[in-house]
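The values are calculated or read from the model by the stated rules, or taken from the named source; none is laboratory data. Bear in mind that the values here come from a model prediction, so they are computed numbers and not experimental data. Cβ sites come from the backbone with ideal geometry, for glycine too, and all protein chains shown count toward neighbours. Note: areas computed on protein heavy atoms with side chains; ligands, DNA, RNA excluded. Shrake-Rupley method; radii C 1.70, N 1.55, O 1.52, S 1.80 Å.
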Amino acid sequence: MTYGSPKTLAEVPRYLKNVYGGRDADAENIREFQRRYKLIGGSPLIKITKDQASAVEKELNKNSRDGLVFKTAAGMRFSRPFIDDVVAKLAHDVDEIIGIIMSPQYSPIIMKGYLEELKVAVTKVKQKKLKLKIATDWHKEQYFIEALAQRVKQALKKFPKKARDSVPVLFSAHSMPKRVIDKEPGYIDDLKETASLVAKKVGLPKKRWMFCYQSAGHTPEEWLKPDFADVMPELQKKGQKYILIAPVQFLSDHLEILYDVGIGAREQAEKHGITFARTESLNTSPLFIHALTSIVQKEAAK
């Protein structure tokens with residue numbers, strides 16, 4: 001399960017209305033999101049999530065024991081295919097639902113919408129009583145950490161040989177309103193722990209990496225800092241010529257990767273004379289698919 005995205009620019013107003021809990025987005029906000037989606041050629045999030053689901057199904061059934069047969073599907077919170085519709089379709093073929101929120105770091109406050117929608121969808125199924133299990137926090141999952149570390153190593157190899165052993169790595173995550181995190185500081189601790197585990201796996205000394213935020217919302221309230229835009233001038237002052245951004249929360253290409261990092265962060269870096277690169281998204285990385293498969297197997301065994 002993940003956020004979803006509009007399939008066309010014309011769908012942006014409806015999508016934002018869903019995100020905003022039924023409130024219409026203002027015209028300026030709609031135009032800005034349409035501009036961003038147009039620049040990246042639309043979001044591939046839904047297609048990639050479906051591809052991830054298919055890859056997980058294939059690996060699960062290949063390694064299945066005791067006659068278990070797995071069927072996977074991708075459900076979205078704010079766009080089609082909605083979680084409710086996906087569960088209704090799956091119910092014809094399965095006896096048990098295992099839900100995975102495509103966010104490794106779990107927050108009961110931020111993620112509760114997924115749990116509620118999945119539980120409601122399951123209770124709507126009348127032809128049978130489905131068992132329901134939901135994987136919540138998996139920010140330290142072994143193969144997930146290895147998959148991220150692999151992406152960092154691959155990205156560092158693309159820098160000039162004389163520079164790659166000193167390139168700073170910025171591990172990033174989606175910024176949140178400070179009021180939300182004040183109620184649940186453990187969520188940020190988990191994000192930072194993921195970054196620390198990946199850095200350790202890569203072999204980065206502490207002076208070479210830091211944790212920062214990205215994609216702050218379009219509201220006047222206080223959002224978590226530092227944003228990577230705040231970090232760029234500081235790196236310039238230190239004489240840094242290169243930078244690698246490595247998101248530790250996002251699991252596929254979508255707006256926050258392709259626009260916020262690929263365009264926004266790149267512009268900030270180049271503005272300060274810094275050569276920019278980002279890690280390739282996990283998408284259907286074999287290691288990442290193995291991580292998701294492992295999560296399902298652990299839930300199925302409970």
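Table for the structure above
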read-out: Some residue of the stretch 64-81 being surrounded by fewer than 19 Cβ atoms within 10 Å (Cβ to Cβ), of a type in the set (Ser, Thr, Tyr) and either in contact with a Ser or Thr (Cβ under 6 Å, 6 or more places away or on another chain) or touching a residue at least 24 places away in the same chain (Cβ under 8 Å) (or both); value: no
read-out: All positions within the stretch 197-229 that are within 30 Å of Tyr20 (Cβ to Cβ) and either assigned to a loop (DSSP other than H, G, I, E, B) or more than 22 Å from the chain's Cα centre (by Cα) (or both); value: Ser215, Ala216, Gly217, His218, Thr219, Pro220, Glu221, Glu222, Leu224, Lys225, Pro226
read-out: Tally, over the stretch 170-194, of residues that are touching a strand residue (DSSP E or B) at 6+ places or on another chain (Cβ under 9 Å) and surrounded by 14 or more Cβ atoms within 10 Å (Cβ to Cβ); value: 12
read-out: Out of Tyr3, Tyr20, Tyr37, sole residue that is under 18 Å from the mean Cα position of the chain (by Cα) and open to solvent by 30 Å² or more (accessible area, probe 1.4 Å); value: Tyr3
read-out: Check on Thr275, among the polar types (S, T, N, Q) and surrounded by fewer than 20 Cβ atoms within 10 Å (Cβ to Cβ); value: yes
read-out: Inter-residue pairs, beta-carbon under 6 Å, first farther than 13 Å from Arg179 by Cα and in the stretch 208-226, second in a strand (DSSP E or B) and polar (S, T, N, Q), 6+ apart; value: Cys212/Ser172; Gln214/Ser172
read-out: Test for Tyr242: is it of a type in the set (Ser, Thr, Tyr) and either open to solvent by less than 10 Å² (accessible area, probe 1.4 Å) or under 22 Å from the mean Cα position of the chain (by Cα) (or both); value: no
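Rundown of residues vs (1) free of Cβ contacts under 8 Å to residues at least 60 places away in the same chain; (2) over 22 Å from the mean Cα position of the chain (by Cα); (3) assigned to a helix (DSSP H, G or I); (4) closer than 19 Å to Ala195 by Cβ, yes/no style:
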position: Asp51; (1), (2), (3), (4): no, no, yes, no
position: Met111; (1), (2), (3), (4): yes, no, yes, no
position: Val120; (1), (2), (3), (4): yes, yes, yes, no
position: Leu148; (1), (2), (3), (4): no, no, yes, yes
position: Arg151; (1), (2), (3), (4): no, no, yes, yes
